[in-house]
Each structure stands twice: as structure tokens, then as C-alpha cells.
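Please read the structure below before turning to the comments.
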Amino acid sequence: MASLRDLGLSEYEARAYRALLNTGPTTAKELSRASDVPMGRIYDVLNSIEQYNLVRSQTASRPKKYVAVEPATALDRLLDDKKRELEEKADQYEEIVDDLSDELDAADPVEEQFWTAAVGAEETADLLVERLSAADERIVFVASDQTSLFELDEIGDLVAEQFEEAIDRGVDVKVLLTPGLVDSLPESVGRRHRQTLSPSENYEVRVSPDVTGTFNLLDGVEVCVQVPHPLAADEAFAMIDLKDPEFAADVHDEFVPRWRAAETLSF
């Protein structure tokens, strides 16, 4: 059950405010009796909820009297306070992430071969986004309509967003697509291409029918290859992420002539 304590009040503060709603204007001594807040604590409690702007006091009266702010106003004020606290916490966490990112990125990368795999559409999407976000220098993105990753409406904007962030990092992005896949792209992706991606010198899209698979080549050392479903070729089954400079170089050698023969895309 919801409680005023959920919005930051202590037990005594919540008791005092609820009692004031029932008593109307009252003194601290009377409020202590009505709320069961000890007399030795009542003034501290009243000062505290005054700071929350939940009560008003009549300083001219002797003894001093207090009255509760209307519940709707009081709850709005408590909610605003909580929102400010959350925003401040979010800012603090973002600063921590920025500091840790600089610290962790400064570590020397491990150059050993390594591979991992993700099975299923959601897991594959997560792995793809993660690896695109890790690129520091170059992204080669090759995709065919014969082996689409998953529903384009779901993944297209995610990938385009990663391209935008990569470009902001100074990463060079080359995208090679089949004509059929281009025709299937949602309008939102085309809009990103025209408005935010194409103006960048670090971004280029070309089209070629000579593309039969879907893969990504990252920083010249890492390859993410989509594995189509064995029983449904138009569905994604898994993605294999392989960090191997020698294999990546072989993939790049196969990519280059197809890229040179492809046509520049105009949305």
C-alpha cells in the first residue's frame, strides 16, 4: 500500500502531516497528542515538513499554530522533490560512467583470438548493437535481403542510431546493401540517412546485387557474421562474433572488389 514514506517522509513526519489534515490549525503541543509524535521530537518534525513546504505556520499567534497544505499541492511538491533527486542521481551516474569509460578505455586491448555467439533474434540484436558501439576506427556493414537480421522496423533504427554515434566518435562507416534490402528499409531509416548520416564525410552507402550474406567488419580485426536459420533461410538464427585479424583481413579482401563495383545509394 502506498505511503507518504515512499515519497521521502519519515514515520513521524507522515504522522504529523496526516494529523494536521484532521485537526486543522493547531499548536505543536496539540499536534503531538493527535499524531503520537513525542513532544521532544514534534518541533524538529514540524521544522522538517515546513522545509518540504507541506505546512504553513502562523507566527503571529501565541502559541504558534500550524496548518497542513492541501493534499494535492503537498503531493505535487513531494513528487517534484523526488524528481529533482532522481535527476541529480542520474547526472551523478552519468559522470561516473564517463570517468570509468575513460579509465577502462585506457587499458591495453587484448590481442588474442576470441569468438562468441548469440542465438535468437533479441540476443543477436543485442550483440550487434554492442559490437557496433565498440568500434573505434572503421565499420563495414554488409547486409543482404536474403538473410535479413530480423524485423527491419525493429533493427533498422537501432543500427542507424549506432552509425550516428560512430560517426560522432570519428569512425569511418561503409554500408553495402542489396537493392531488395534497400526497398525494404522503413522510412525512418531513410530519413536518418538523408538528414544526419549522408552529410558526413565518414559515411557512405552503396548498393550491389553481388551480396549474399550479412556481416560486419569492425576496426579491421573483428567480424560479426549472421547465421541464417537452417529451416527458414529468411530468418536469423544466430550471430558469431570473431576477433581474428587474419580472418578479418581475408573478409576485407573479399569485400573491397564488391565495394568498388557497387553503385552509390541515393534515397
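The values are calculated or read from the model by the stated rules, or taken from the named source; none is laboratory data. Note that the structure is a prediction, hence the values are computed from the model and not measured. Here the Cβ positions follow ideal geometry from the backbone for every residue, glycine too, while neighbour counts run over all protein chains shown.
Which condition from (1) assigned to a helix (DSSP H, G or I); (2) at pLDDT below 85; (3) not acidic (Asp, Glu) is the one that ARG131 breaks?
Tallying (1) assigned to a helix (DSSP H, G or I); (2) at pLDDT below 85; (3) not acidic (Asp, Glu), ARG131 fails exactly one: (2).
Considering only residues that are modelled with pLDDT of 80 or more, among the hydrophobic types (A, V, I, L, M, F, W, C) and farther than 17 Å from LEU218 by Cα, which ones fall in region 98-117? First the steps, then the outcome.
Applying the first criterion (modelled with pLDDT of 80 or more) to region 98-117 yields 98-100, 114-117.
Retained after the next criterion (residues that are among the hydrophobic types (A, V, I, L, M, F, W, C)): 100, 114-115, 117.
Across region 98-117, the qualifying residue is only LEU100.
What about SER48, is it of a type in the set (Ser, Thr, Tyr) and part of a loop (DSSP other than H, G, I, E, B)?
On the way: of a type in the set (Ser, Thr, Tyr): yes; part of a loop (DSSP other than H, G, I, E, B): no.
In short, no.
Identify, please: which residue in region 136-158 is of a type outside the set (Asp, Glu) and in a helix (DSSP H, G or I) and is, among those, modelled with the lowest pLDDT? Please lay out each step first, then the result.
The first filter runs over region 136-158 and keeps only residues of a type outside the set (Asp, Glu), leaving 138-144, 146-150, 152, 155-156, 158.
Those still in the list that are in a helix (DSSP H, G or I) too: 146-147, 152, 155-156, 158.
Numbers: GLN146: 66, THR147: 57, LEU152: 52, ILE155: 77, GLY156: 79, LEU158: 86.
Once the filter is applied, the top-ranked residue is LEU152.
Given (1) part of a helix (DSSP H, G or I); (2) within 29 Å of CYS224 (Cβ to Cβ), where does LEU79 come up short, assuming only one miss?
Here LEU79 clears every test but (2).
Does ALA16 meet the test of being assigned to a helix (DSSP H, G or I) and in contact with a helix residue (DSSP H, G or I) (Cβ under 8 Å, 6 or more places away or on another chain)? Show your work before the answer.
On the way: assigned to a helix (DSSP H, G or I): yes; in contact with a helix residue (DSSP H, G or I) (Cβ under 8 Å, 6 or more places away or on another chain): yes.
Yes; evaluated as a whole, the condition is true for this residue.
Given the criterion in contact (Cβ under 8 Å) with a residue 12 or more places away in the chain and not acidic (Asp, Glu), identify the matching residue among ALA135, ALA72, ALA90. Lay out the reasoning, then the answer.
Numbers: ALA72 fails: in contact (Cβ under 8 Å) with a residue 12 or more places away in the chain; ALA90 fails: in contact (Cβ under 8 Å) with a residue 12 or more places away in the chain.
Answer to the selection: ALA135.
Among the numbered criteria (1) more than 18 Å from ALA262 (Cβ to Cβ); (2) modelled with pLDDT of 90 or more; (3) surrounded by fewer than 21 Cβ atoms within 10 Å (Cβ to Cβ); (4) in contact with a Leu (Cβ under 7 Å, 6 or more places away or on another chain), which one does PRO186 miss?
All conditions are met except number (2).
List every residue pair whose Cβ atoms sit under 6 Å apart, with the two residues 6 or more apart in sequence or on different chains, where the first one lies in region 242-254 and is of a type in the set (Lys, Arg) and the second, anywhere, is in a strand (DSSP E or B).
LYS243/PHE114; LYS243/GLU222
Mind listing whichever residues of region 244-267 are assigned to a loop (DSSP other than H, G, I, E, B) and not aliphatic (A, V, I, L, M)?
Hits for region 244-267 are ASP244, SER266, PHE267.
Please determine, by comparing only the residues of region 172-215 that are touching a residue at least 60 places away in the same chain (Cβ under 8 Å) and charged (D, E, K, R), which one is farthest from SER144 (Cα to Cα).
ARG194
Just checking, how many residues over region 45-75 are surrounded by 13 or more Cβ atoms within 10 Å (Cβ to Cβ) and of a type in the set (Asp, Glu)?
1
Of everything in region 39-59, what is in contact with a helix residue (DSSP H, G or I) (Cβ under 7 Å, 6 or more places away or on another chain) and either aliphatic (A, V, I, L, M) or at negative phi (or both)? Give them in sequence order. Talk me through it step by step, then tell me what you get.
Of the residues in region 39-59, the ones in contact with a helix residue (DSSP H, G or I) (Cβ under 7 Å, 6 or more places away or on another chain) are 39, 41-43, 45-46, 48-49, 52-55, 57.
Correct list: MET39, ARG41, ILE42, TYR43, VAL45, LEU46, SER48, ILE49, TYR52, LEU54, VAL55, SER57.
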